[in-house]
Number of protein chains: 6
Amino acid sequence: MSNAYILTQMTWPEVEAALKTVKIAIIPLGAHEQHGPHMVESCDAVLAEEMGKRLTARLYPEALLTPTINMGVSPHHLHFPGTISLEPSTVIAILRDIIKSLKSQGIEKFLVINSHGGNQATLGVAADTLTAELGVSFFYAKTTASAKDVMDKRIESKLYGHSCDREVSEAMYLAPHLVRPDQLEKGDIQEGRWKKLRPGSPIQGFYYYEEMTRNGCIGDATKASRDIGEEIVETALERLTQAVRDML
Amino acid sequence: MSNAYILTQMTWPEVEAALKTVKIAIIPLGAHEQHGPHMVESCDAVLAEEMGKRLTARLYPEALLTPTINMGVSPHHLHFPGTISLEPSTVIAILRDIIKSLKSQGIEKFLVINSHGGNQATLGVAADTLTAELGVSFFYAKTTASAKDVMDKRIESKLYGHSCDREVSEAMYLAPHLVRPDQLEKGDIQEGRWKKLRPGSPIQGFYYYEEMTRNGCIGDATKASRDIGEEIVETALERLTQAVRDML
Amino acid sequence: MSNAYILTQMTWPEVEAALKTVKIAIIPLGAHEQHGPHMVESCDAVLAEEMGKRLTARLYPEALLTPTINMGVSPHHLHFPGTISLEPSTVIAILRDIIKSLKSQGIEKFLVINSHGGNQATLGVAADTLTAELGVSFFYAKTTASAKDVMDKRIESKLYGHSCDREVSEAMYLAPHLVRPDQLEKGDIQEGRWKKLRPGSPIQGFYYYEEMTRNGCIGDATKASRDIGEEIVETALERLTQAVRDML
Amino acid sequence: MSNAYILTQMTWPEVEAALKTVKIAIIPLGAHEQHGPHMVESCDAVLAEEMGKRLTARLYPEALLTPTINMGVSPHHLHFPGTISLEPSTVIAILRDIIKSLKSQGIEKFLVINSHGGNQATLGVAADTLTAELGVSFFYAKTTASAKDVMDKRIESKLYGHSCDREVSEAMYLAPHLVRPDQLEKGDIQEGRWKKLRPGSPIQGFYYYEEMTRNGCIGDATKASRDIGEEIVETALERLTQAVRDML
Amino acid sequence: MSNAYILTQMTWPEVEAALKTVKIAIIPLGAHEQHGPHMVESCDAVLAEEMGKRLTARLYPEALLTPTINMGVSPHHLHFPGTISLEPSTVIAILRDIIKSLKSQGIEKFLVINSHGGNQATLGVAADTLTAELGVSFFYAKTTASAKDVMDKRIESKLYGHSCDREVSEAMYLAPHLVRPDQLEKGDIQEGRWKKLRPGSPIQGFYYYEEMTRNGCIGDATKASRDIGEEIVETALERLTQAVRDML
Amino acid sequence: MSNAYILTQMTWPEVEAALKTVKIAIIPLGAHEQHGPHMVESCDAVLAEEMGKRLTARLYPEALLTPTINMGVSPHHLHFPGTISLEPSTVIAILRDIIKSLKSQGIEKFLVINSHGGNQATLGVAADTLTAELGVSFFYAKTTASAKDVMDKRIESKLYGHSCDREVSEAMYLAPHLVRPDQLEKGDIQEGRWKKLRPGSPIQGFYYYEEMTRNGCIGDATKASRDIGEEIVETALERLTQAVRDML
């Protein structure tokens, strides 16, 4: 990654110089939660950061990457050991503080690059409130959601989205140390009311993840590959880059 | 609407009797916001209440309808005269108070029947927080979203969702007094960054509604009809009824 | 009710036109609480709205009626089935959001027309805080309190104020569908510490309503009449109209 | 004042012994605000404390006096130099902390003895919320309000209630150092909208005290006397003592 | 104490005159907590107020003393009867309200004179937040901490700091009524994990005071004297006076 | 680092197994703030994490390292480009959420290992509030403060503590990539009121870091060495390990 403004790796005189061209700050938002037996719990935080780094590099010298928010809203996973869940209000407080700090230094546009579906409602609320409260442009994106067509083509599982063929593939490409290749397992799905509360059902509602899957993953991680990951990630990065450019 | 437990129309001895069979409280959630020149601003509140009444009747004697939350999260519309927007935290506070009150009287399941897309992120956050905080089952549904297939079939406009062919049709069937039939107008859409921030775009973000449409509506209300409304509404009600039954 | 700016029944172009003359927004505030065996639980919300409509009509074209806040602060009634109580902080949050929204559109004076005694302390706190916080003029009124002399003349009960001769009379005139005429009952008062905590006692304090009355009402609703209601309501409206005019 | 449990003057072993008989904690609540040219700004705090001491003595050994909350809700007076106003939420936070602390030590009943009218709405809200939240009995009293009949008999001014004949008389009896006897002045009242917002008017609302009186006082302090103060105070104390006894 | 601006003892015209020269408000902050068998529980509040008065006198006519915050953050002492502990957020709310009130009247510098070690962390947080939030200069001082060298010279106990040789000496000089001279006791120290959590240990953490001392005091109060108190207090006052002068 | 329970690197079945012996969770808390021209802004976050890892390894199998809180309370540095400051309430919210999550999984003791002086007051407040609120043991430590004697011996600068001889030395040993060896500079100190507000002065207060040092560092980083860092770090780790053991 040749040139990229990565705030954690810069001194203040370097930041001062960068601010002459920077127009947008990119905030990686992840989670700390169980990802089944074959992925470590920092998965979402690392993937968000890796995507953020690549996107920031592509947008050089107009973008700057902030530190990663390495925990997120994960109440559904709390019954699996090791999961940490922040309240939605805590995540919004962190975002507010980051944005206020950097706005005082001249940045007026912000993009949260989010790897965890469970954060999306909180980000919707953040967009509705922080925009007017802080007087900034607030954007957010699910890391690879824009490559939905590639997923449709390459992912065989019908129910996927957590430590699945897609996510493990992305990790194999972006951060292979997240994966335990010798532990790959298919989701151990069980029956339950969750089926009738998924997106697309007439009603939605909270359920615990263990109601859906005994081993904490869905889809079929054994079908993941670095190649699938690469196609998803690179496609999404291309589209995200263009989408951010359109807002600068 | 023969039999239905509508809390606003009951005395306490009647509620006491009803609670012997009631298992779920249905909370209508609307908005108070501009709906273009052809619908009055209470549109969402009234449609949520009407849907709530019908759903409660179908679920008799297991459901009870609470008073309607007649304002919602509408910052996007604030620049149009008359719009009132509640903070997401205010809507969650109202939901908390309703649920706490009724839980103390024995109800443990709650469904928010929501007519306004702008409330969905707030409801997602509510589901993530109130479930554990209050020890209840919390469900929510967009009023007619489950009839998406009917919309695909009957609605011609590509971009619809606010004071459009669909919503006006629903109002013609459920509450025709909301519509000014002699004022029906097509959405006066204009170019803008909103196109690149809609659901399905690589990134999302806040924009004001007047960036998208000069007259405050989208789609083409001149193509609305009571018949379309009836098919959408009745299909949705059928599916919602079954979905709620599955949770009781 | 010929001319009156009722926000729930207006489109945004109509509101835009109205704002040329409107100087004050009138916010009806009610409650959702038990009213004994002879009144439905939406009583206060409906009465506040009806009073608000009439007052707004009298103040045409200088007043505009907002949506009704249809629940209020009712902890005293929570042990009666169906009662919903909002926290004082929730009611203040709703008021803040309404006022902020409409102030951004040019209105700078607000009157809360409140039908429920249990909201008065909250409104006092709202007046002390929202005035300076939002930079507006904030007024509030108990719906018919200004007709105290008429009540003294026409109401026979010594202890009245909730689902009593007065309130039932007002409802008979303003919204007869709130009353179950065949269920009218005198308050079933019992002894208790409440007697020593009423306004006028050396000390005040919280007590539950069932400590005071077994059937949830006080006074004697069997003595209510539409005629009494008319005199109270019309007298109060006359005085409220003049009082608001004095503030414009 | 022979025997009285005054917490500020006790050691912990003395408190431990007292708690064997104490059933109620009495919390003096005052204000820090202008009282015209003839009373010092701590007036309300001192009067509340003096009343609290006397009441606690009369209720010995069942009552215990807490430290005085020596500032209160005084936004109306903020434009007079020296006035300090606490937010209603701050006063409630202090009350919550005092009550939680002492409840953990075994006290379950609390009386706020309040000298400042501007605190009454906040105390009403406190009663509505802290009772259930903390599981205690919460009472409050305006220091001498129960001697209204004595005031009617002895006070000549029609408009009184702040640094007036009544309050100066009370201070002459309870804490004469609060009064500047050589500065006694009649209230310098002026016309204004305040007249139409006083208790008893059809509508209420916030106004600044200087809109009503140029010198910050009302009534006629030149007619105050220690004798009037004594009759008011002793009558009120007698009635408060009995009222509290009725709750133990 | 000849000349000193003590807000509790002034009328508003006197405050108005004083504000012509006043540059800083001094806010005494104490605590209400057990002080063993030989000091009353208001000890910290009284000592803070006495120090504040003397400091204000020395800084005449540039300083003004506000009312005393007579309770503080004392969770460590809550198991001793009579202790009242405010939440840190409550103390900060009180400070915010005092500062906002007086800033609106022209004061822009504030010094909290604090007698209680348990408040120091809260004051650190207050300094970090209120400075920017309110746009003021915010200073704080532990009452006699600046006389550390005198303490080193005159205090024999190794572990002191609460109702000890030092504090009792200060009280003998500043407010002898706080001390029960016939009850003076050495701290009844016991073994425990507290030893490894004191300032200076590798880790810090919360412990209850009774884990450290059975009678609630440390050090050796029997060695206290008015003379020691005088030297500590006067030395500290001299240094505080100079330190404040440097900030005006 | 052979064996150590590092939560970010574990799967949930691994955590489940670890929880059989784990007694304490260690939470690294850093900051994101300017560190002069010779250290990158993530310095504190990385040092806290590195210290946390080593301490966790030494305490194996009784300790578990949580994700790092990689931003902290840094208002003093906000005027230097790139600094991000969290509100104290935000940091406490994050701590609360981490502790609640892990307590629900069986951990009851928590140690925050903090590298940033500006977080200490917030941690003091956290200890005072979270202990009772969450029912846990809450400890905190400044990373190397326990090696004060080594610093006294090895550090020549009189004023040090931020991007100084000490901190750069620690980084050279723990995470040399944080240091720009070719940019090492002595602190460019200037006169100012800060000198009279430092710890040890009679009064404390907020000042901006640029009031003290033009280049954002103090001390003399040119005198730093890996060897000094090693002695400080290893000494501190030894003492922290023992101190934690004493609490298990």
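Bear in mind that the values in this text are calculations on the coordinates, not laboratory data. Only a predicted model underlies this, so the values are computations on that prediction, with no experimental measurement involved. In this analysis, Cβ positions are derived from the backbone assuming ideal geometry, glycine residues included, and neighbour counts consider all displayed protein chains.
Worth pointing out:
- Within straight-line cross-link reach of residue A:142, lysines at Cα separation under 20 Å, skipping those fewer than 8 residues along the same chain: A:53, A:109, A:153, A:158, B:195, B:196
- Charge dipole magnitude, Cβ of K and R +1, D and E -1 - chain B, Cα centre, debye nearest 20: 460
- Principal axis dimensions, region C:21-160 - Cα atoms, whole angstrom, descending: 44, 32, 23
- Longest to shortest principal axis, alpha-carbon extents of region A:90-202, angstrom: 48, 38, 27
- A point 7 Å from Cα along Cα→Cβ stands in for residue F:211, and the other copies hold the same point at 3.7, 4.0, 4.0, 5.4, 5.5 nm, listed in rising order.
- Computed [θ] at 222 nm, deg cm²/dmol, chain E (DSSP H ≥ 4; -39,500 (n - 2.57); rounded to nearest 500): -11500 deg cm²/dmol
- Chain F residue with Cβ closest to the axis mapping F onto C, distance in whole Å: F:89, 9
- Once the convex hull of all Cα atoms in the protein assembly as shown is built, its volume per residue stands at 171 Å³.
- Dipole size of the protein assembly as shown about its Cα centre, with +1 on Lys/Arg Cβ and -1 on Asp/Glu Cβ: approximately 0 debye, rounded to the nearest 20.
- Convex hull of Cα atoms in chain F, direction-averaged projection (nm²): 13.2
- Relative contact order %, region D:5-247, counting alpha carbon pairs below 8 Å whose residues are six or more apart: 23
- When the Cα positions of C:207, C:247, C:224 are compared along the charge dipole of region C:181-248, C:207 comes out farthest toward the positive end, with charges on each C-beta of Lys, Arg, Asp and Glu.
- Across D:220, D:165, D:152, mean-square fluctuation computed from a Gaussian network of chain D (C-alpha pairs under 10 Å connected) peaks at D:152.
- One equal scatterer on each Cα of region C:1-103, no solvent, Debye formula: the resulting log10 I(q)/I(0) at q = 0.13, 0.22 Å⁻¹ is -0.53, -1.09.
- Separation between Cα centres of region D:4-63 and region B:22-88, rounded to whole Å: 51
- Each copy carries a label point for residue A:20 at 7 Å from Cα along the beta-carbon vector; from one copy to the others these points are 5.4, 5.4, 6.1, 8.1, 8.2 nm apart, nearest first.
- Nm distances between copies for residue E:108, ranked from closest, using label points 7 Å along Cα→Cβ: 2.8, 2.8, 5.4, 5.5, 6.1
- Peptide-level mean, for A:140-148, of C-beta atoms on other protein chains within 10 Å: 3
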